[in-house]
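Data block below; observations after.
The values are calculated or read from the model by the stated rules, or taken from the named source; none is laboratory data. Computed from a predicted model, the values in this text were never measured in an experiment. Because the Cβ atoms are built from the backbone with ideal geometry, glycine has one as well, and the counts that use them run over all protein chains shown. SASA here: full protein model, heavy atoms, side chains in, ligands and nucleic acids out. Shrake-Rupley method; radii C 1.70, N 1.55, O 1.52, S 1.80 Å.
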Amino acid sequence: MTTGASTSPYPARPRRSRLRTFLPLGVAAWLVLEIWLLSVVAGAASGFAVFLLLVAGFVLGSVVIKRAGRRAFQNLNEALQRGGAPSDSSSGGGNGLMMLGGLLLMIPGLISDAVGLLLLVPPVQKALSRYAERTVERKLREAAPGPLGDAFQQARMRRPDGKVVQGEVIRDEPGDAHQDPRPPLTR
């Protein structure tokens, strides 16, 4: 039966998130800015000075990452010996931020080096970790109520033509032994 309404042969595409739209533009702008700043510094000083800055940043970043990794491994080892969860009270919780700072120091560029050095400052680490903790707690409060298992009850499968097939996950309980054993999936 024809209703007179035209239907498009192409399925509706889901809308892109802002992050997927602006992240490539931000990365490209950051790269252009890094290259421009390196050329300005090379013009003011010399190319060899810029090379030494980049090598020093790489070496310092690798030392920072190694140190933060050792500290995190020691915390984990101590926690396993105690039989509890690893605590970041002794290190201020900044091992991840120290590793990120070291990684930014290793990336060639002066802006990334400046941000990496900023992440190595303990008050900045504490402020960023408090901000991240508050943000995660707020996002968890805004999430749908219920146990975490409810979040995985719905299953979606995308077909090649773009249509979404919705279904429900059915779990076999351990008490359901009256069913025949399933054949192996291999042929």
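Return yes or no: is G47 surrounded by 12 or more Cβ atoms within 10 Å (Cβ to Cβ), modelled with pLDDT of 85 or more and over 26 Å from N95 (Cβ atoms)?
Considered against the rule, which asks whether it is surrounded by 12 or more Cβ atoms within 10 Å (Cβ to Cβ), modelled with pLDDT of 85 or more and over 26 Å from N95 (Cβ atoms), G47 comes out as yes.
Residues being open to solvent by 70 Å² or more (accessible area, probe 1.4 Å) and either touching a residue at least 12 places away in the same chain (Cβ under 8 Å) or closer than 23 Å to M99 by Cα (or both): count how many of those fall in the range 13-34. Give the derivation first.
Looking only at the range 13-34, we keep the residues that are open to solvent by 70 Å² or more (accessible area, probe 1.4 Å), and these are 13-16, 18-20, 22-25, 30-33.
From the residues that got through so far, the ones that are either touching a residue at least 12 places away in the same chain (Cβ under 8 Å) or closer than 23 Å to M99 by Cα (or both) too are 13, 23, 30-31, 33.
Number of matching residues: 5.
Which condition does V41 not pass, out of (1) more than 29 Å from A132 (Cα to Cα); (2) open to solvent by 50 Å² or more (accessible area, probe 1.4 Å), if it passes all the others?
That leaves (2) as the condition not met.
One line per residue, one yes/no per condition, for (1) in a helix (DSSP H, G or I); (2) among the β-branched types (V, I, T); (3) open to solvent by 50 Å² or more (accessible area, probe 1.4 Å):
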| position | (1), (2), (3) |
| --- | --- |
| L100 | yes, no, yes |
| L104 | yes, no, no |
| S112 | yes, no, no |
| V115 | yes, yes, yes |
| V124 | yes, yes, no |
| R130 | yes, no, yes |
| V136 | yes, yes, yes |
| K139 | yes, no, yes |
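Quick one: which residue in L100, L80 is out of contact with any Gly (no Cβ under 6 Å at 6 or more places or on another chain) and farther than 28 Å from G26 by Cβ?
Result: L80 is the single residue among L100, L80 that is out of contact with any Gly (no Cβ under 6 Å at 6 or more places or on another chain) and farther than 28 Å from G26 by Cβ.
Just to be sure, is A28 under 17 Å from A114 (Cβ atoms) and in a helix (DSSP H, G or I)?
No, not satisfied.
Being over 28 Å from the mean Cα position of the chain (by Cα), open to solvent by 70 Å² or more (accessible area, probe 1.4 Å) and either modelled with pLDDT under 90 or within 21 Å of L120 (Cβ to Cβ) (or both): is that true of L52 here?
yes
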